[in-house]
Structure formats: C-alpha cells, structure tokens
Amino acid sequence: MKKSLTWANSLDWFFALLALLAGLAVLETFVIGKHYIIPTILLVITVLFGNMAWYGLTQSQWAKRVNFWCGFLLTSHGFFALFWSKKYREILGEQFLLVCGVITLTFLVLTCMYAKRNRLFAKD
C-alpha cells in the first residue's frame with residue numbers, strides 16, 4: 001500500500017481524515033451525548049469513508065474513481081455555494097467569499113491533481 005502524502009493520494013487521505021472525524025463524532029454522541037440512533041448513522045459514514053480511503057490508498061482503481069467523483073461533487077458544491085448560499089453567508093458574514101473561495105479552490109486543485117496523477121482519464 002502506497003501511503004505517502006502525494007497528489008495521487010490527496011483525496012484518499014482527505015477521506016481518511018473524514019473517517020477519523022466521523023469516528024470521533026460517533027464516540028462523542030454515544031458516550032457524552034447518550035444518543036444511540038445518531039451514532040449508528042455516523043458509524044455508517046465512518047465505515048464508508050474509511051473503506052474509500054483504504055481502498056484508494058491500496059491503489060484500487062474503482063475506489064480512485066469514486067473518490068474523484070466525490071471530490072468533484074464537493075468542488076461543485078463549493079462553487080455553487082459561492083453564488084447561491086444564504087446559510088453560509090449568514091454564518092460567515094464578510095469572510096464568506098474568502099473562506100468559501102479558498103475551500104472551493106483547494107478542492108478543485110486536489111481533485112484535478114488527483115485525477116491527473118492517478119491517470120483516471122488517460123487513454124492507455
């Protein structure tokens with residue numbers, strides 16, 4: 001398994017981070033919050049992100065493609081939020097364009113470099 005932090009594994013590591021955060025959210029809602037239904041849903045997300053990260057890091061092409069499309073959707077979400085988001089604008093105020101723009105550009109670069117380095121659309 002190639003685990004180095006490179007452009008070819010950028011989205012894989014991002015999903016690994018999301019799996020870790022979702023796992024911590026499961027523990028927090030179960031142990032501290034004393035909820036039992038919410039942690040189960042979060043556990044599903046944790047397992048999904050964890051598997052996508054694991055199989056992406058093991059260079060599985062199907063996982064690389066799914067991770068790419070998830071990155072594409074996150075980039076699209078950020079792009080459309082720049083123009084039509086009301087909730088994020090209320091929360092972030094004057095810093096909205098800076099924060100949302102940086103996040104969108106970050107996901108755009110990560111997703112493009114991920115596809116390029118993994119040759120997802122190369123004709124062999």
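FYI, it's all coordinate maths here, none of it is from the lab. Keep in mind that what you see is a predicted model, and the values were worked out from it rather than measured. Ideal geometry is used to build each Cβ from the backbone, glycine not excepted, and the neighbour counts take in all protein chains shown.
A few notes on this one:
- As a proxy for reagent exposure, Lys64, Lys87 were ordered by neighbouring Cβ count within 10 angstrom, fewest first; the result is Lys87, Lys64.
- Sequence-ordered 3J(HN,Hα) estimates for the range 106-111 from the Karplus curve with 6.51, -1.76 and 1.60 and θ = phi - 60° stand at 4, 5, 4, 5, 4, 5 Hz, glycine and proline given as x.
- With the simple spin-label model, which puts each label point 7 Å out from Cα in the Cβ direction, the Leu17 to Trp69 separation comes to 2.4 nm.
- Student exercise, the chain dipole from Lys, Arg, Asp, Glu Cβ charges, in Debye to nearest 20: 380 debye
- Couplings 3J(HN,Hα) for the range 42-57, derived from phi with the Karplus relation 6.51 cos²θ - 1.76 cosθ + 1.60 (θ = phi - 60°), are 5, 5, 4, 5, 4, 5, 4, 5, x, 5, 5, 5, 4, 5, x, 5 Hz, where x marks Gly and Pro.
- Taking Asp12, Asp124 and counting other C-beta atoms within 10 Å, the order from fewest to most: Asp124, Asp12
- Theoretical FRET efficiency, 1/(1+(r/R0)^6), r = Cβ-Cβ of Ile91 and Trp62, R0 41 Å, to 0.05: 0.70
- Counting only Cα atoms, the chain measures 51, 36, 20 Å along its principal axes, largest extent leading.
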